[in-house]
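Asks: Below: one structure in structure tokens.
The values are calculated or read from the model by the stated rules, or taken from the named source; none is laboratory data. Just so you know, these numbers come straight off a predicted model, no measurement behind them.
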Amino acid sequence: MNYLELAADLHHLGERLSKHAGKIEGEEMGRSAQALSNSLARFEELLEGYIASRKSGELLLETLLRSPAAKRHLTLDILKGGIRSLTGKRLKSVDLRTGKKEFVERIHEAGNHDEAAKFLKEAFAGAIHLESGGKDKASLQHEFFELGRLAEDEFAQEVAKKSLGELQHLAGMNGIKFTDKTSKQRLAALIRRYAQRAVLNISSAA
């Protein structure tokens, strides 16, 4: 379906109908006009839903590209991989700023905003994955510090991957007091608070 041609046909029909509206009579014309009116109402409803969906997808995509996760982890290679995967084409930009603009334009042309948003979410999730600190104290202290630098959603993703025992080990190695009755949620909140404090203290001392 060529929607530009349809728009032109509807515009032409509307002009003709407007000129002769006062002269049209007949039961058959009335039934046909009613059927057309019902079809147009249904089509307009579908069109509004489609436009709203596109706008929603575009907004989500642009929000992701401006998110804290994007500022930390978005690279030109990620955008190139996304365009290749989603459209089968190549990203021509040679820097991240123009790459983001070209990425949005290509996705807009292809109309697959939801798929692009899903791709970026998965790419960011993979980029923020922290290797477990294991049992080495220095490694656990480094992991603790890195957790303090994460955005709230990133921190939540990392904590969700860990067992209560792993969090207890991480907390213990970094001087956080807790008991056997401390829940995973409470322990995560304690780690979040003290890890952010550690980052702030180190940044202030620098």
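Here's the yes/no breakdown for (1) farther than 24 Å from Arg72 by Cα; (2) of a type in the set (A, V, I, L, M); (3) modelled with pLDDT under 90:
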| residue | (1), (2), (3) |
| --- | --- |
| Leu147 | no, yes, no |
| Phe155 | no, no, no |
| Ser163 | yes, no, yes |
| Gly172 | yes, no, yes |
| Phe178 | yes, no, yes |
| Lys181 | yes, no, yes |
| Leu187 | yes, yes, no |
| Arg192 | no, no, no |
| Ser204 | no, no, yes |
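Asks: For Gly88, indicate whether it is at pLDDT 85 or above, on the phi > 0 side of the Ramachandran plot and not aliphatic (A, V, I, L, M).
Replies: yes
Asks: Separate question: In the range 143-161, what residues are among the aliphatic types (A, V, I, L, M) and farther than 18 Å from Gly172 by Cα?
Replies: If the condition is that a residue be among the aliphatic types (A, V, I, L, M) and farther than 18 Å from Gly172 by Cα, then Leu150, Ala151, Ala156, Ala160 are the ones that fit.
Asks: Across the range 31-65, which residue is nearest to the chain's Cα centre (by Cα) among those that are at pLDDT below 65 and not hydrophobic (A, V, I, L, M, F, W, C)?
Replies: Gly57
Asks: Condition first: among the aliphatic types (A, V, I, L, M) and not in a helix (DSSP H, G or I). Now tell me which residues in the range 138-183 satisfy that.
Replies: Scanning the range 138-183 gives Leu150, Ala151, Ile176.
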